1. Out of 304, 267, report the one residue that is in contact with a strand residue (DSSP E or B) (Cβ under 8 Å, 6 or more places away or on another chain), more than 16 Å from residue 239 (Cβ to Cβ), in the same structural domain as residue 371 (by TED's automatic domain parsing) and within 16 Å of ligand 1 (Cβ to nearest atom).
2. Taking the conditions exactly as written (in a loop (DSSP other than H, G, I, E, B) and surrounded by fewer than 16 Cβ atoms within 10 Å (Cβ to Cβ)), does residue 109 satisfy them or not?
3. Looking at residue 282 and the list (1) part of a loop (DSSP other than H, G, I, E, B); (2) free of Cβ contacts under 8 Å to residues at least 24 places away in the same chain, which single condition is not satisfied?
4. Do we find a residue being assigned by TED's automatic domain parsing to the domain that holds residue 141, part of a loop (DSSP other than H, G, I, E, B), without any contact (Cβ under 8 Å) to a residue 40 or more places away in the chain and out of contact with any strand residue (DSSP E or B) (no Cβ under 6 Å at 6 or more places or on another chain) anywhere in segment 67-86?
5. Go through the residues of segment 200-218 one by one and say whether even a single one is within 16 Å of ligand 2 (Cβ to nearest atom), assigned to a loop (DSSP other than H, G, I, E, B), within 26 Å of residue 295 (Cα to Cα) and more than 16 Å from the chain's Cα centre (by Cα).
6. I'm checking my understanding of the structure. Among residues of segment 383-397 that are at pLDDT 95 or above and out of contact with any strand residue (DSSP E or B) (no Cβ under 8 Å at 6 or more places or on another chain), which one is surrounded by the most Cβ atoms within 10 Å (Cβ to Cβ)?
7. If the Cβ limit is 7 Å and pairs must be 6+ apart or interchain, which residue in segment 342-357 that is in contact (Cβ under 8 Å) with a residue 12 or more places away in the chain pairs with which residue that is in a strand (DSSP E or B) and within 7 Å of ligand 1 (Cβ to nearest atom)?
8. For segment 303-357: of the residues being surrounded by fewer than 24 Cβ atoms within 10 Å (Cβ to Cβ) and within 15 Å of ligand 2 (Cβ to nearest atom), which is farthest from residue 382 (Cα to Cα)?
Ligand code: ADP
Ligand code: MG
């Protein structure tokens, strides 16, 4: 299935291996508040250490402006990684230059060195060939395990592959394999659950999923654009006026293809967008003109749960309501629970906020696969090429 060479397909012993990881973690006051992405990179890093490679880790963090900025230093990640690995990780406070070259020359087999934030260099996002060559000069081979950055053609994800033999890391390979297999050969019925704030973010994904799924469940803010397309009065709920026509086309496509499209039948509505707003439950035809839907209602929850429990493949992206606020979290929680409880299904969850919701309800361990790549997962599901993956060596090369 996965057509690219992986780190297992090459002798790494004694080699300097430049590993692009996705350590773009949330920080608060210089502390890593969620180490999921660091943990996700451990299998590849451990494999390389165990096989005697000299491991040079590079990543971006946040959006510094192409120059050093202490607020975006990767230094706090070093300590977390060292602890998780149970070994020393040597941090260099720059990305290229004499300090880096010297440190890399002194490396021994099995050692791990971590460089500073790639985006401190303007050449990273510009995919500048000169910068890519400087990175490549540090190593003998390149391994890409940064699935979350694979939809971007930057120097460290694409440029560098012009100068070094390029292999997939284990996380990247698993992400691509899992998502591709889900689309290519899903156990049926296949139910996709989509939510979140906007249709426009996910239109390509909706379109592609309609070719594959048996049931499409739509909740969250995006459902109001679909309901508007059906002529439902949605009050002041979030809506994207310019996406109403495209949403209509999607409704038609669903019925042409015989896909069961489930939209909410009731809502938790509020008189304003606030945790302490006045709120009540109404049928979807009874949304008061100056109220907004902030969560799916109890009848909808039951409807969605039934479809979820019947499925053998489940893909979930996008919260069902404003789950960050307590009065509007039941829909997301109950849907997450229904996904978790269906142990006969292959369940895949993707999207930053959806994964955050899964964690909030402590259900992360109860689904088959949690995708770490937000934008990259969406691009892959849309069928768009991922430059970071395309650039790797083909399995038959
Ligand atoms: P993901 O990151 O999982 O892909 P999105 O970023 O698309 O998800 O959407 C998440 C956001 O959608 C959340 O911040 C949530 O509050 C918001 N949201 C969900 N339902 C509604 C709604 N009915 N009205 C407004 N915002 C909503
Ligand atoms: Mg999001």
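The values are calculated or read from the model by the stated rules, or taken from the named source; none is laboratory data. Here the structure is a predicted model, which means the values were calculated and not measured. With ideal geometry, Cβ positions are generated from the backbone for all residues, glycine too; neighbour counts draw on all protein chains shown.
1. Working: 267 fails: more than 16 Å from residue 239 (Cβ to Cβ).
The unique qualifying residue is 304.
2. On the way: in a loop (DSSP other than H, G, I, E, B): yes; surrounded by fewer than 16 Cβ atoms within 10 Å (Cβ to Cβ): yes.
The answer is yes for residue 109.
3. With (1) part of a loop (DSSP other than H, G, I, E, B); (2) free of Cβ contacts under 8 Å to residues at least 24 places away in the same chain applied to residue 282, the lone miss is (1).
4. Within segment 67-86, the first condition is being assigned by TED's automatic domain parsing to the domain that holds residue 141, and the residues that meet it are 67-86.
Now drop any that are not part of a loop (DSSP other than H, G, I, E, B), which leaves 67-69, 73-74, 86.
Now restrict to residues that are without any contact (Cβ under 8 Å) to a residue 40 or more places away in the chain: 86.
Adding the requirement that they be out of contact with any strand residue (DSSP E or B) (no Cβ under 6 Å at 6 or more places or on another chain) leaves 86.
Checked against the condition, which is being assigned by TED's automatic domain parsing to the domain that holds residue 141, part of a loop (DSSP other than H, G, I, E, B), without any contact (Cβ under 8 Å) to a residue 40 or more places away in the chain and out of contact with any strand residue (DSSP E or B) (no Cβ under 6 Å at 6 or more places or on another chain), segment 67-86 yields at least one hit.
5. no
6. Residues of segment 383-397 that are at pLDDT 95 or above, as a first pass: 386-394.
Those left that are additionally out of contact with any strand residue (DSSP E or B) (no Cβ under 8 Å at 6 or more places or on another chain): 386-387, 390.
On the way: 386: 25, 387: 19, 390: 13.
The qualifying residue surrounded by the most Cβ atoms within 10 Å (Cβ to Cβ) is 386.
7. Hits for this filter: 350/317; 351/317; 354/317.
8. The extreme case among them is 324.
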